[in-house]
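Structure first, then comments.
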Amino acid sequence: MPEQATLLKQMVDKRLSCVHKMREIRSKAFEEKRDLTGEEKRQWDEWDAEAEVIDTHLQAELGTGKRQLAAEQTAAAILGQPSRESFAGMQQLPGMTFEQEAAEFRKIATGPRGEGIELSWPTTFERRMLGNPLYEYRALTDASVPLPTSFIHQLYTYLVDTSSIRQAGATVISTTTGESILVPRSTAEGAALWTAEGAALTAGDPTIGSITLSSRKCGKIIQVSKELATDVGFDLIGYLAQSAGRNIGILTNAAYVSGTGTTQPVGLLTQATSNNVTGAAGAGGLVGLPTATGGDYGVDYFVNLYHAILPQYRPRASWMMLDTTIKGVRKLKDTLGRYLWEPSLQAGVPDTIMGKPVYANPAFPTYGANTVGVIAFGDFSAYYIRDLTPLRFERSDEYAFNTDQISFRALMRTDGNLVDQQAFALYKCPAT
């Protein structure tokens, strides 16, 4: 477990520090051909005692780890599930550098069959993390520091780049265990009341609900030839990270948008049904945003969407739609001929509509009769994504044995759901 590995490393480092200080004292006395002074003897005894205490804790921690592994193996045997030792060569590799990961992947590509590694999600992005028991802490980063180029960072970067929901600021929770977690939400609250002196207040009970985030599994199998995998000049790390991250990102993004909740996350458009804004009939062949002078302009519908969500959500709200929808929206003008679209003048900063960022999402629906969710506006932090760490990455020689290819399997467990429907408004196309 990453927590145990971190604790053991801290203990070992502390013990090495004590031993190093003791050696410095002994070396100095030896060079000066003398015994230890009283002060040196006191320091020696103090560090020696501290090293002894650390030794005791190390043995206890190792014993705890062995007992926990034995308990897991016993439970796995009873339940008929594979234990941790059943994956040959499986290693926990927290905080590896790019060079270390490259070396480990070379071992997997050229070593014995069935090997794999487990990789924890990076903490260089701001992420809410839940530990055990479920305490929360945040891992923050300085935006001016370039991201490391290790495998897991490359994979996560590709995953975010292909998931517009994550880009738009969805709340991401990471856990190290896969049991379901409940995210509470208040659907109604008792109102505060004015009262006279000495008069009793009327109680008002809030209505508390919750959403459940489980751990849906998805994966990607990547095959490379034996020659390609063992070729030192081939960037195996970059290729595996790009292929796994991009494909898993595309798959999960589609589920975050319109997932059914059965073996996949519950999609944003599946849940955000309270604040639909329906276009006027007679919008033309596209059944999209009307531009005729007889009714509301297309620009007016963006104003309606903007004011369809609670004011508290607007400061962090964004727009999201299909790229072909964006193409049409960029042409919309108000009655004075001014474009609704506001291009960004800074690289890396999204264009805006009414001052709010716009994100293109290939999983969104296109214009069509009665289609809901062609355009979404809201606070994407109200959509919760749960990631289970570590990511499993394994190798098989048998899967494509007849073609002399090595198969790499990336497995990710995630889930998603919307906490508050009032955080979003969706545009619904008219019937004609």
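Under a no-solvent Debye model with one identical scatterer per Cα of the range 304-432, what's log10 I(q)/I(0) at q = 0.13, 0.16 Å⁻¹?
-0.71, -0.90
How many angstrom lie between the C-alpha centres of the range 299-333 and the range 358-432?
For the range 299-333 versus the range 358-432, the Cα centre distance is 21 Å.
Ranked highest first by average number of other Cβ atoms within 10 Å, how do 21-31, 324-334 line up?
Going by the mean number of other Cβ atoms within 10 Å, highest first, we get 324-334, 21-31.
Explain nothing, just compute: Karplus ³J(HN,Hα) = 6.51 cos²θ - 1.76 cosθ + 1.60, θ = phi - 60°, for every residue of the range 327-343 in order, whole Hz, x for Gly and Pro.
So the J values, rounded to whole Hz, are 4, x, 5, 5, 8, 5, 10, 7, 5, 9, x, 8, 6, 6, 6, 10, x.
Which value in nm describes the separation of the simple spin-label points at Leu336 and Thr260, placed 7 Å from the Cα toward the beta carbon?
It is 5.0 nm.
Using packing as a proxy for protection, rank 33-44, 358-369, 170-181, 257-268 so that the peptide with the highest average count of other Cβ atoms within 10 Å comes first.
With the highest mean Cβ count within 10 Å placed first, the list reads 257-268, 358-369, 170-181, 33-44.
In which sequence would Ile385, Ile309 go, from the one with the fewest C-beta neighbours within 10 Å to the one with the most?
Ordered from fewest to most neighbouring Cβ atoms within 10 Å, Ile385, Ile309 come out as Ile385, Ile309.
Evaluate E = 1/(1 + (r/R0)^6) for Gln312 and Lys428, where r is the Cβ-Cβ distance and R0 equals 22 Å; express this FRET efficiency to the nearest 0.05.
That gives a FRET efficiency of 0.40.
Taken together, the values in this text are just the output of simple stated rules run on the coordinates, not laboratory data. Note that the structure is predicted; figures quoted are calculated from it, not measured. So basically every Cβ, Gly included, is an ideal-geometry build from the backbone, and we count neighbours across all protein chains shown.
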